[in-house]
Every structure is written in structure tokens, then in C-alpha cells.
Amino acid sequence: MTKNIAYFITPHGFGHASRATGVMQAIQQSIPEAHFTIFSTLPNWFFEESQIKAEVIPTNCDVGVVQKTPFIEDFEATLEQLNSLYPFSQELLSTIVKKLKDNQIDLVICDIAALGIAAAELVGLPSVLIENFTWDWIYEPFAQNQSEFTRFSNHLKSIYPQASLRIQTEPLCERVDNAAYITSPIARQPFSDRDTIRRKLGLSNTHPLVLMSMGGIQEEYSSVQQLKKYQDTTFIIPGGKDSFKQVENLIFLPHHSDFYHPDLIQAADFVIGKAGYSTIAEVYHAGIPFGFISRARSRETVPLANFIKSQIPSVEISEEQYQNETWLSLLPQIFELQPRHHSERNGAFDVIDILRNNQFL
């Protein structure tokens, strides 16, 4: 039975890490003796707070897109980092291959970090690609203004098909071929119920609570003072301060707080924030309304927005509305939305079934 699993995770925001963590949580429940070796530059605490048994090896395994803010990309910095990583150096591959052998890895899983697929190919290990988009697809339109992106898009496009198995997850950006499996949204599992978290926050079960979320990328909320007008509603603002602080109806949390993000979503009545994968998946399974901020320049915006509009009670907030603070006028409309619960199970358990049916677990 597969026990030692290597997981390569793109460090772009926390959305991919959240999805990967949801899969690891499900595997641990199914195979309690499973152990993970995680290759990424993501912080150890992210996996520790999700109770993942893992060794985290700091590894520059992927670039993604360098962000200046949650909504503004830095294309020059992205190209600089892509040039430094691709093609993978022999030294990097040799280091990864040695670690896979030393840790007696049975299976390699990648959340769009192509390094794991390339290393697994060298060792002769099975590899699984889990994605709702891949970086070659994201980079293609970038090439219209900076042609150098074409080289990296083509390079990654040659690596991804080497995966032994490809699993796509809703909300899906592009269906690749009939060989790929599709799962329902994958989310981390909450540890505490609504009442417990609200008691820790000093709130009653009926008090309106809004969670602001930017998907792991720290953001200065310029409109917070305007939120004080809604004294009957409490707003939780992660990443807003260096420590827990409450100012009237605003609760500021540090970037890494004692509150587990999926638990906060369970406790909230509404979520307002960036329409990134993990937030969509966690809101979807929680069944709560979503005031989602769409990014005009991102290729994933349209398919993600279409999924949200069809599956989640929602109001769309444009990037311009968010930046100029006119989104605040949409709050009454958001507060009118009603929950909508889904019967679909967490897609992480779909992944377990797929891996077992293909004899990878």
C-alpha cells in the first residue's frame, strides 16, 4: 500500500496549497500511516495548522505569477523568475531525485508544479497532476504583450502530459481531454463548528458576521473605516494587523492567526473577497453567500465567475468597484442573499476513489 507520498505545490498564493491540503487530509483519514514530503516554499505553519503529517522541504519548485497586490501582476519579475528556474537544472533534479529515493517515495502528486512530474519521470515513479488550470494556459495570453512567455508556456506544455494521471477539479477553467478525471471542488475540512468559533470571537450565533478574504495574499483594506457604518454586522479582516485586535465592529487578525480559515468560513454568514480557488471551494461547501471580486486581466476570471454565479448565492464586485470603494454600495444586496447548501461531497474524497481505482493507493 502507498504510504510515502511526495507533494509538489506551486507557492502562488494559498489556493493551490489549500487544495493540496484538502487532498492530504482525505488521504490521512483513509490511510492513517501515510506520510507526506512536501516540496514548496510555502510556510510550514500552513500545513501544521491543517494537521498534516509531513516533512516540508523548502524548494523553489514553481513560479506561477508574481503578484504586486492580490490584483496586480508583476510580469517582469515573473519572467525573471521563470528564466532562473526553467529548464530545470541538472543539479536541482538530482537533488530532488535523491530526496525521493531517500524518503522511499511511492507516489508523486503535483498541484501544477511541473518539477514533481519531471523528477518522478527520472525515478520511474507514478505521478498525478491535480489542477483546475495549468501555467501554460495562464501564460498564453501574456505572450500577446511579452512574447517571451511563449517559450515558458510551450516548455510547461511539454511536461504536464508526462504525468501518469491527470485529475481536474471544479471550478474548471479548461477541459483538457477525455482521459482526465473531474472532481467536485476540493476544500480543506473545518475542525470546529460555527458555535465554537463564534464563542471564541465573542459573538452570538445570530449576530451577522462577514469574512473578508484575499486568498493568502496580504492586502491593505482601504475601505475598513467605511465598514464601521454597519455597526450591527461584524467584519473579520485577516492580514489586517500584526495581532488580534477588535475596533468596534471590526476584528483584525494577523496573516497567520489562531483561527483556522475553514473554521472562520463555517462561522461566517457571508464572505467577501477575491475569487480564488480555495475560497470558492470552501464557500461552496459551506453553502454561504459570496461577494466575489473578479480580476479583469486574469484568464481564469470568466470560468471561475461562471461557476460562482451558477452554484453559489453571489454578487460580483468588479476590480474597479473594489479599488474605488463603490463596492460598499453592494453590501445591502449581498446581505439579502440566502445560503444554498450542496449535497456534493468534498472533491478530495473523489481523488481518493480515483487514486484507488488506478491502483495508486
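The values are calculated or read from the model by the stated rules, or taken from the named source; none is laboratory data. What you are looking at is a predicted structure, and each value in this text was computed from that prediction instead of being measured. For neighbour counting, all protein chains shown are included, and Cβ atoms are generated from backbone atoms with ideal geometry for every residue, glycine included.
Among the residues of the range 267-283, the ones that are closer than 13 Å to Leu209 by Cβ and surrounded by 21 or more Cβ atoms within 10 Å (Cβ to Cβ) come to 5 in all. Put simply, of Gln168, Gln162 the only residue that is in contact with a strand residue (DSSP E or B) (Cβ under 9 Å, 6 or more places away or on another chain) and farther than 20 Å from Phe39 by Cα is Gln168.
Residue by residue, here is whether (1) under 22 Å from Lys228 (Cα atoms); (2) touching a Leu at 6+ places or on another chain (Cβ under 8 Å) holds:
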{"position": "Phe270", "(1), (2)": "yes, yes"}
{"position": "Val283", "(1), (2)": "no, no"}
{"position": "Ile293", "(1), (2)": "yes, no"}
{"position": "Leu304", "(1), (2)": "no, no"}
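Restricting the first member to the range 213-233 and to residues that are farther than 18 Å from Phe46 by Cβ and at pLDDT 90 or above, and the second to residues that are aliphatic (A, V, I, L, M) and in a loop (DSSP other than H, G, I, E, B), no beta-carbon pair is closer than 8 Å while six or more apart or on different chains.
Given the criteria of a type in the set (Phe, Trp, Tyr) and over 16 Å from the mean Cα position of the chain (by Cα), does Tyr86 qualify? Yes: the conditions hold for Tyr86.
Counting just the residues of the range 168-188 that are of a type in the set (S, T, N, Q) and modelled with pLDDT of 95 or more, which one comes out farthest from Ile265 (Cα to Cα)? Looking at the filtered set, the residue picked out is Gln168.
Those residues that are assigned to a loop (DSSP other than H, G, I, E, B) and of a type in the set (Phe, Trp, Tyr), I need them from the range 114-156; list them, please. Walk me through it before giving the result.
Of the residues in the range 114-156, the ones assigned to a loop (DSSP other than H, G, I, E, B) are 124-126, 132-134, 143-147.
Phe133, the sole residue that qualifies.
Taking the range 1-113 and the helices (runs of 4 or more DSSP H) fully enclosed by it, the elements with 3 or more residues that are closer than 27 Å to Ile280 by Cα and of a type outside the set (Val, Ile, Thr) are at 15-30, 44-48.
Just checking, does the range 208-225 include any residue being in contact with a helix residue (DSSP H, G or I) (Cβ under 8 Å, 6 or more places away or on another chain), among the hydroxyl-bearing types (Ser, Thr, Tyr) and not in a helix (DSSP H, G or I)? Checked against the condition, which is being in contact with a helix residue (DSSP H, G or I) (Cβ under 8 Å, 6 or more places away or on another chain), among the hydroxyl-bearing types (Ser, Thr, Tyr) and not in a helix (DSSP H, G or I), the range 208-225 yields at least one hit.
Scanning the range 235-249 for residues that are more than 20 Å from Ile293 (Cα to Cα) and either buried (at least 21 other Cβ atoms within 10 Å of the Cβ) or of a type outside the set (Gly, Ala, Ser) (or both) yields Lys241, Asp242, Phe244, Lys245, Gln246, Val247, Glu248, Asn249. Determine whether Ile96 is over 28 Å from Pro185 (Cα atoms), surrounded by 23 or more Cβ atoms within 10 Å (Cβ to Cβ) and aliphatic (A, V, I, L, M). So Ile96 passes the test.
Filter the range 151-173 for residues that are charged (D, E, K, R) and either in contact with a helix residue (DSSP H, G or I) (Cβ under 6 Å, 6 or more places away or on another chain) or buried (at least 17 other Cβ atoms within 10 Å of the Cβ) (or both) and give the result.
Lys157, Arg166, Glu170
Residues that are at pLDDT 95 or above and of a type in the set (A, V, I, L, M) within the range 332-361 comprise Ile334, Leu337, Ala348, Val351, Ile352, Ile354, Leu355, listed in sequence order.
Of all the listed residues (Phe39, Phe46), the sole one being modelled with pLDDT of 95 or more and aromatic (Phe, Trp, Tyr) is Phe39. Please determine whether any residue of the range 120-136 is on the phi < 0 side of the Ramachandran plot, surrounded by fewer than 17 Cβ atoms within 10 Å (Cβ to Cβ) and touching a His at 6+ places or on another chain (Cβ under 7 Å). No.
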